[in-house]
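**Q** Have a look at this one before I ask anything.
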Amino acid sequence: MIIRDGTLAARISRSRLAGALMSPRGGVGVEELRGAVEGRTVLITGASYGLGAATARMLADAGATVLMTARTAAALAEVAGGRGHCYPADLSDPAAVGELAARVLAEHGPPDVVVSNAGKSIRRTLAASRFHDFQRTMAVNYLGPVRLLLDLLPAMRARGSGHLVNVSTIGVQVPPGPRWAAYQASKSAFDVFFRSAALEAAADGITATSVYMGLIRTRMSAPTASLANAPGQSADEAAGVLARAIARRPAKISPWWADLAELGAAVSRRPWEAAVRWRPRR
Ligand SMILES: NC(=O)c1ccc[n+]([C@@H]2O[C@H](COP(=O)([O-])OP(=O)(O)OC[C@H]3O[C@@H](n4cnc5c(N)ncnc54)[C@H](OP(=O)(O)O)[C@@H]3O)[C@@H](O)[C@H]2O)c1
């Protein structure tokens, strides 16, 4: 349902209170975050825009040595503002990811925290989709971050410490929606990889947090008109959720209702699918 702009319902839905209610909880104090990251190295993928950029700024303010990667070198440099280390790279290119990991390890050693944040979203009907849409979402949302972790983990394991954060989406907790096949499947693939990897990494002293984000108002969500008035968070508010992931290291952070939706999905698959099938096929 699209809530029309300007209506009272739209104003309530867009309010910070509604956003806070529907989004994962963030918020750790400045000193707590500083205690967790000061003098530590944090590698953030997708740090040129949106959530990654907000997180990079927040962590630099807290005294972390921030290692930032994304494709757009100029945007990375602007976000860094002289405080971060920029590693322009295309996550969908396995050779480039290999070089990125090698440079990071050579120049800084194994990172203390790795935030897998870079992402590519596509919302498109199957009728309008090309195979390429599935290849590039899998390349950026799954294979790229898998390759990066495979290359970084041996050194982190050898050191016996570290923390991994996956910026996932509530889209992997709720049942699949029409038009989200490419995005939801690729985010689900990395979610499963990450949770499995976390079980193994724990034996080597490495912790991991899966963060299931709700709507974040960034250039990723901006083109989706139906989300314009949905409750969500700003990039800075969502960065506060990642601050909690980094400072407290829980296994999982998600909105309170997403766990209920996941539970409900297990028993309500048929009614859900019947409800969304009414949509016109075009
Ligand atoms: N926005 C939402 O509503 C929402 C909701 C749930 C979860 N999330 C997740 O939150 C994360 C951040 O999204 P966002 O909203 O901040 O989106 P965004 O503003 O579009 O930022 C995405 C970041 O990923 C980088 N990226 C994209 N393709 C890349 C590639 N091939 N190689 C390297 N970096 C690449 C982009 O940098 P370059 O273009 O410079 O490469 C950019 O820094 C994503 O994982 C997304 O799935 C977002």
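The values are calculated or read from the model by the stated rules, or taken from the named source; none is laboratory data. It should be emphasised that the depicted structure is a prediction, and the values quoted were computed from it without experimental measurement. Heads up, the Cβs are rebuilt from the backbone with ideal geometry, glycines too, and the neighbour counts pull from every protein chain shown. Ligands, DNA and RNA are excluded from the accessible area calculation, which covers all protein heavy atoms including side chains. Shrake-Rupley method; radii C 1.70, N 1.55, O 1.52, S 1.80 Å.
**Q** With respect to the numbered conditions (1) in a loop (DSSP other than H, G, I, E, B); (2) over 19 Å from the mean Cα position of the chain (by Cα), which one is the sole condition not fulfilled by residue 31?
**A** Tallying (1) in a loop (DSSP other than H, G, I, E, B); (2) over 19 Å from the mean Cα position of the chain (by Cα), residue 31 fails exactly one: (1).
**Q** Right, another one. Give the residues of the range 154-174 that are more than 9 Å from the ligand (Cβ to nearest atom), open to solvent by 10 Å² or more (accessible area, probe 1.4 Å) and not in a loop (DSSP other than H, G, I, E, B), sorted by residue number.
**A** 154, 155, 157, 158, 159, 172
**Q** Is it the case that some residue within the range 133-144 is surrounded by 17 or more Cβ atoms within 10 Å (Cβ to Cβ), of a type in the set (Ser, Thr, Tyr), more than 23 Å from residue 256 (Cα to Cα) and within 16 Å of the ligand (Cβ to nearest atom)?
**A** yes
**Q** Kindly provide the set of residues from the range 67-116 that are of a type in the set (Val, Ile, Thr), open to solvent by less than 50 Å² (accessible area, probe 1.4 Å) and within 13 Å of the ligand (Cβ to nearest atom), ordered by number.
**A** 69, 79, 97, 115
**Q** For the range 175-215, enumerate the residues that are closer than 20 Å to residue 155 by Cβ, surrounded by fewer than 19 Cβ atoms within 10 Å (Cβ to Cβ) and either within 12 Å of the ligand (Cβ to nearest atom) or aromatic (Phe, Trp, Tyr) (or both).
**A** 193
**Q** Please tell me if residue 260 is in contact (Cβ under 8 Å) with a residue 24 or more places away in the chain and either near the ligand (Cβ under 10 Å from one of its atoms) or farther than 27 Å from residue 153 by Cα (or both).
**A** no
**Q** Tell me yes or no: at least one residue of the range 132-142 is free of Cβ contacts under 8 Å to residues at least 40 places away in the same chain and part of a helix (DSSP H, G or I).
**A** Yes, the range 132-142 contains at least one residue that is free of Cβ contacts under 8 Å to residues at least 40 places away in the same chain and part of a helix (DSSP H, G or I).
**Q** Would you be able to tell me the number of residues in the range 225-249 that are among the hydrophobic types (A, V, I, L, M, F, W, C) and not in a helix (DSSP H, G or I)?
**A** Count: 2.
**Q** Related question: Which of the numbered conditions does residue 219 fail, given that it passes all the others? Conditions: (1) near the ligand (Cβ under 9 Å from one of its atoms); (2) within 12 Å of the chain's Cα centre (by Cα); (3) of a type outside the set (A, V, I, L, M).
**A** (2)
**Q** Do we find that residue 61 is of a type in the set (Asp, Glu) and either touching an Asp or Glu at 6+ places or on another chain (Cβ under 7 Å) or under 24 Å from residue 188 (Cα atoms) (or both) in this structure?
**A** Considered against the rule, which asks whether it is of a type in the set (Asp, Glu) and either touching an Asp or Glu at 6+ places or on another chain (Cβ under 7 Å) or under 24 Å from residue 188 (Cα atoms) (or both), residue 61 comes out as no.
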